[in-house]
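Each remark here refers to the structure printed beneath this line.
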Amino acid sequence: MSYLSHFFRDVYEGTRMATEEDLPGIRKLIYPLEESGVLVRRTDKELLEALYSFYVVERDGSVIACAALFPFPEDKSGEVAAIAVSEECRGRGLGDKLLDYIEKEALSLGLGRLFLLTTRTADWFVRRGFSECSIESIPEQRRKRINLSRGSKYYIKQLQPKHAGVPVNNFAGR
Ligand SMILES: CC(C)(COP(=O)(O)OP(=O)(O)OC[C@H]1O[C@@H](n2cnc3c(N)ncnc32)[C@H](O)[C@@H]1OP(=O)(O)O)[C@@H](O)C(=O)NCCC(=O)NCCS
(Lines give C-alpha, C1' and ligand atoms only; values in the text may rest on other atoms or scores of the structure.)
Protein backbone atom coordinates (compact mmCIF):
# COMPACT_ATOMS: atom_id res chain seq x y z
CA MET A 1 0.00 0.00 0.00
CA SER A 2 1.48 3.38 -0.98
CA TYR A 3 2.00 6.10 1.57
CA LEU A 4 -0.82 8.14 0.08
CA SER A 5 -3.36 5.34 -0.12
CA HIS A 6 -2.48 4.47 3.47
CA PHE A 7 -2.86 8.14 4.39
CA PHE A 8 -6.30 8.35 2.80
CA ARG A 9 -7.42 4.76 3.44
CA ASP A 10 -10.16 5.98 5.73
CA VAL A 11 -11.03 9.51 4.77
CA TYR A 12 -13.28 9.89 7.81
CA GLU A 13 -10.34 9.11 10.03
CA GLY A 14 -9.47 12.20 12.03
CA THR A 15 -12.79 13.87 11.18
CA ARG A 16 -14.50 15.20 14.27
CA MET A 17 -16.14 18.20 15.85
CA ALA A 18 -13.76 21.05 16.62
CA THR A 19 -12.51 21.91 20.08
CA GLU A 20 -10.83 25.06 21.35
CA GLU A 21 -7.43 23.50 20.66
CA ASP A 22 -8.30 23.53 16.95
CA LEU A 23 -8.83 27.28 16.87
CA PRO A 24 -5.28 28.17 15.70
CA GLY A 25 -5.39 25.42 13.05
CA ILE A 26 -8.76 26.54 11.72
CA ARG A 27 -7.61 30.16 11.72
CA LYS A 28 -4.47 29.23 9.76
CA LEU A 29 -6.57 27.34 7.21
CA ILE A 30 -9.21 30.00 6.62
CA TYR A 31 -7.13 33.17 7.03
CA PRO A 32 -5.74 33.24 3.45
CA LEU A 33 -9.23 32.48 2.11
CA GLU A 34 -10.68 35.36 4.10
CA GLU A 35 -7.91 37.61 2.80
CA SER A 36 -8.68 36.70 -0.80
CA GLY A 37 -12.41 37.17 -0.25
CA VAL A 38 -13.36 33.50 -0.81
CA LEU A 39 -14.61 33.20 2.76
CA VAL A 40 -16.39 35.76 4.90
CA ARG A 41 -14.05 37.38 7.39
CA ARG A 42 -14.60 36.28 10.99
CA THR A 43 -13.05 37.99 13.98
CA ASP A 44 -11.41 35.75 16.58
CA LYS A 45 -14.45 36.33 18.79
CA GLU A 46 -16.86 35.31 16.01
CA LEU A 47 -14.77 32.26 15.23
CA LEU A 48 -14.71 31.23 18.88
CA GLU A 49 -18.49 31.67 19.11
CA ALA A 50 -18.95 29.52 16.00
CA LEU A 51 -16.31 26.97 17.00
CA TYR A 52 -18.69 24.25 18.18
CA SER A 53 -20.38 24.26 14.79
CA PHE A 54 -17.06 23.44 13.11
CA TYR A 55 -15.78 20.04 12.04
CA VAL A 56 -12.15 19.41 11.34
CA VAL A 57 -10.01 16.77 9.74
CA GLU A 58 -6.83 16.31 11.74
CA ARG A 59 -3.79 14.50 10.45
CA ASP A 60 -0.51 14.21 12.34
CA GLY A 61 -1.62 16.89 14.78
CA SER A 62 -2.55 19.47 12.11
CA VAL A 63 -5.95 20.64 10.98
CA ILE A 64 -5.93 19.92 7.24
CA ALA A 65 -9.59 20.65 6.52
CA CYS A 66 -12.55 22.29 8.18
CA ALA A 67 -16.19 23.10 7.59
CA ALA A 68 -19.04 24.46 9.67
CA LEU A 69 -22.63 23.28 9.95
CA PHE A 70 -25.03 25.85 11.35
CA PRO A 71 -28.39 24.21 12.04
CA PHE A 72 -31.72 26.02 11.60
CA PRO A 73 -33.94 23.39 13.21
CA GLU A 74 -37.19 25.33 12.77
CA ASP A 75 -36.60 25.24 8.99
CA LYS A 76 -35.23 21.70 9.11
CA SER A 77 -32.21 23.02 7.27
CA GLY A 78 -28.57 23.73 7.93
CA GLU A 79 -25.95 26.01 6.46
CA VAL A 80 -22.61 24.66 5.30
CA ALA A 81 -19.95 27.32 5.67
CA ALA A 82 -16.21 27.87 5.70
CA ILE A 83 -15.38 24.58 3.99
CA ALA A 84 -11.67 24.59 3.35
CA VAL A 85 -9.00 22.03 2.61
CA SER A 86 -5.34 22.94 3.04
CA GLU A 87 -3.70 23.64 -0.30
CA GLU A 88 -1.32 20.65 -0.11
CA CYS A 89 -4.23 18.24 0.41
CA ARG A 90 -6.65 19.48 -2.24
CA GLY A 91 -7.90 17.38 -5.13
CA ARG A 92 -7.81 14.07 -3.23
CA GLY A 93 -11.47 13.87 -2.31
CA LEU A 94 -11.05 15.24 1.19
CA GLY A 95 -13.51 18.11 0.59
CA ASP A 96 -15.94 15.59 -0.83
CA LYS A 97 -15.73 13.35 2.22
CA LEU A 98 -15.95 16.25 4.64
CA LEU A 99 -19.11 17.44 2.92
CA ASP A 100 -20.43 13.89 3.08
CA TYR A 101 -19.71 13.80 6.80
CA ILE A 102 -21.50 17.13 7.29
CA GLU A 103 -24.50 15.78 5.36
CA LYS A 104 -24.67 12.75 7.63
CA GLU A 105 -24.38 14.92 10.71
CA ALA A 106 -27.16 17.15 9.38
CA LEU A 107 -29.40 14.11 8.84
CA SER A 108 -28.64 12.85 12.33
CA LEU A 109 -29.81 16.25 13.62
CA GLY A 110 -33.09 15.78 11.76
CA LEU A 111 -32.31 18.34 9.06
CA GLY A 112 -33.71 17.69 5.60
CA ARG A 113 -31.63 20.07 3.50
CA LEU A 114 -28.42 21.98 3.42
CA PHE A 115 -27.90 25.42 1.96
CA LEU A 116 -24.90 27.64 1.42
CA LEU A 117 -23.82 31.00 0.13
CA THR A 118 -20.90 31.16 -2.24
CA THR A 119 -19.23 33.66 -4.50
CA ARG A 120 -16.69 31.43 -6.29
CA THR A 121 -17.10 27.75 -5.53
CA ALA A 122 -20.55 27.11 -6.99
CA ASP A 123 -19.44 24.47 -9.52
CA TRP A 124 -17.85 22.34 -6.82
CA PHE A 125 -21.13 22.24 -4.88
CA VAL A 126 -23.27 21.74 -8.01
CA ARG A 127 -21.22 18.64 -8.79
CA ARG A 128 -22.16 17.43 -5.32
CA GLY A 129 -25.91 17.77 -5.75
CA PHE A 130 -26.55 21.40 -4.84
CA SER A 131 -28.77 23.58 -7.05
CA GLU A 132 -28.99 27.32 -7.21
CA CYS A 133 -31.97 28.72 -5.33
CA SER A 134 -33.44 32.12 -4.58
CA ILE A 135 -32.78 34.04 -1.40
CA GLU A 136 -36.34 33.16 -0.31
CA SER A 137 -35.18 29.56 0.18
CA ILE A 138 -32.76 30.69 2.88
CA PRO A 139 -34.21 30.63 6.43
CA GLU A 140 -35.48 34.10 7.31
CA GLN A 141 -33.36 34.22 10.46
CA ARG A 142 -30.25 33.78 8.27
CA ARG A 143 -31.50 35.99 5.43
CA LYS A 144 -31.51 39.03 7.73
CA ARG A 145 -27.75 38.65 8.26
CA ILE A 146 -26.72 38.24 4.63
CA ASN A 147 -24.15 40.75 3.44
CA LEU A 148 -25.71 41.51 0.06
CA SER A 149 -22.63 43.46 -1.05
CA ARG A 150 -20.72 40.14 -1.41
CA GLY A 151 -23.03 39.21 -4.27
CA SER A 152 -23.18 35.59 -3.13
CA LYS A 153 -25.32 33.04 -4.87
CA TYR A 154 -27.46 30.62 -2.90
CA TYR A 155 -27.43 26.85 -3.25
CA ILE A 156 -29.53 24.14 -1.68
CA LYS A 157 -29.50 20.36 -1.49
CA GLN A 158 -32.21 18.02 -0.25
CA LEU A 159 -30.62 15.33 1.87
CA GLN A 160 -31.32 11.67 1.29
CA PRO A 161 -32.23 9.80 4.50
CA LYS A 162 -30.32 6.74 3.25
CA HIS A 163 -27.28 8.44 4.79
CA ALA A 164 -28.84 8.56 8.25
CA GLY A 165 -27.01 7.06 11.16
CA VAL A 166 -23.51 7.01 9.67
CA PRO A 167 -21.03 8.15 10.81
CA VAL A 168 -21.29 8.37 14.55
CA ASN A 169 -22.84 11.56 15.81
CA ASN A 170 -20.15 12.54 18.25
CA PHE A 171 -22.01 15.17 20.21
CA ALA A 172 -21.27 13.37 23.46
CA GLY A 173 -19.38 15.49 25.90
CA ARG A 174 -20.42 18.83 24.45
C1 LIG B 1 -13.46 23.64 -2.55
C2 LIG B 1 -12.53 22.75 -1.72
C3 LIG B 1 -13.04 22.67 -0.29
C4 LIG B 1 -12.53 21.36 -2.36
O5 LIG B 1 -11.73 20.50 -1.57
P6 LIG B 1 -10.92 19.29 -2.26
O7 LIG B 1 -10.53 18.35 -1.18
O8 LIG B 1 -9.85 19.82 -3.13
O9 LIG B 1 -12.08 18.69 -3.13
P10 LIG B 1 -12.18 17.27 -3.81
O11 LIG B 1 -10.83 16.62 -3.86
O12 LIG B 1 -13.28 16.52 -3.17
O13 LIG B 1 -12.62 17.69 -5.27
C14 LIG B 1 -11.68 18.18 -6.15
C15 LIG B 1 -12.37 18.58 -7.45
O16 LIG B 1 -13.03 19.83 -7.25
C17 LIG B 1 -12.54 20.77 -8.21
N18 LIG B 1 -12.54 22.10 -7.58
C19 LIG B 1 -11.71 22.56 -6.62
N20 LIG B 1 -12.02 23.83 -6.33
C21 LIG B 1 -13.06 24.18 -7.11
C22 LIG B 1 -13.81 25.37 -7.28
N23 LIG B 1 -13.54 26.47 -6.60
N24 LIG B 1 -14.84 25.35 -8.17
C25 LIG B 1 -15.12 24.24 -8.89
N26 LIG B 1 -14.43 23.09 -8.77
C27 LIG B 1 -13.41 23.06 -7.90
C28 LIG B 1 -11.15 20.29 -8.54
O29 LIG B 1 -10.74 20.79 -9.80
C30 LIG B 1 -11.36 18.77 -8.57
O31 LIG B 1 -11.96 18.39 -9.75
P32 LIG B 1 -11.69 16.94 -10.39
O33 LIG B 1 -12.26 15.96 -9.40
O34 LIG B 1 -12.45 16.96 -11.67
O35 LIG B 1 -10.22 16.85 -10.53
C36 LIG B 1 -11.06 23.24 -1.76
O37 LIG B 1 -10.66 23.39 -3.10
C38 LIG B 1 -10.85 24.54 -1.01
O39 LIG B 1 -10.51 24.55 0.18
N40 LIG B 1 -11.03 25.67 -1.74
C41 LIG B 1 -10.87 26.99 -1.14
C42 LIG B 1 -11.98 27.31 -0.19
C43 LIG B 1 -13.35 27.40 -0.84
O44 LIG B 1 -13.51 27.77 -1.99
N45 LIG B 1 -14.37 27.06 -0.02
C46 LIG B 1 -15.76 27.15 -0.41
C47 LIG B 1 -16.31 28.46 0.02
S48 LIG B 1 -18.04 28.61 -0.36
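With a probe of 1.4 Å, find how much accessible area region 98-168 has per residue, and write the answer as a whole number in Å².
Dividing the accessible area of region 98-168 by its residue count gives 56 Å².
Can you give the extra length, in nm with one decimal, that the chain gains between Glu13 and Glu35 once fully stretched, where that is 0.36 nm per residue apart less the Cα-Cα distance?
Gain on stretching Glu13 to Glu35: 5.0 nm.
What percent does the relative contact order of the chain come to when contacts are Cα pairs within less than 8 Å and at least six residues apart?
Relative contact order comes out at 19 percent.
Using a Gaussian network model on the chain with a 10 Å cutoff between Cα atoms, which of Gly25, Gly151, Gly95 fluctuates the most?
Maximum fluctuation in the GNM of the chain, among the listed residues, is at Gly151.
Roughly how many debye, to the nearest 20, is the charge dipole of region 78-144 about its Cα centre, given +1 on each Lys and Arg Cβ, -1 on each Asp and Glu Cβ, and no other charges?
I would put it at about 20 debye.
What's the extension gain from Arg150 to Ser131 if we count 0.36 nm per residue and subtract their Cα-Cα distance?
4.9 nm
So what's the gap between the Cα centers of region 13-50 and region 113-158, to the nearest angstrom?
20
Which residue, chosen from Ala50, Gly151, Phe72, occupies the Cα position most advanced towards the positive end of the dipole of the chain, where the dipole is computed from +1 (Lys, Arg) and -1 (Asp, Glu) charges on Cβ about the Cα centre?
Checking the options against the dipole of the chain, the answer is Gly151.
Dipole size in debye (nearest 20) for the chain around its Cα centre, Lys and Arg Cβ +1, Asp and Glu Cβ -1?
Here the size comes out at about 420 debye.
Pop out the ³J(HN,Hα) list for region 109-123 in order, Karplus 6.51 cos²θ - 1.76 cosθ + 1.60 with θ = phi - 60°, rounded to Hz; leave Gly and Pro as x.
8, x, 8, x, 8, 10, 10, 7, 10, 8, 9, 9, 10, 3, 4
The values are calculated or read from the model by the stated rules, or taken from the named source; none is laboratory data. What you see is a predicted model; the values in this text were computed from it and never measured. Every residue, glycine among them, receives a Cβ derived from its backbone with ideal geometry; neighbour counts consider all protein chains shown. Protein only, heavy atoms only, side chains kept; ligands, DNA and RNA dropped before computing areas. Shrake-Rupley method; radii C 1.70, N 1.55, O 1.52, S 1.80 Å.
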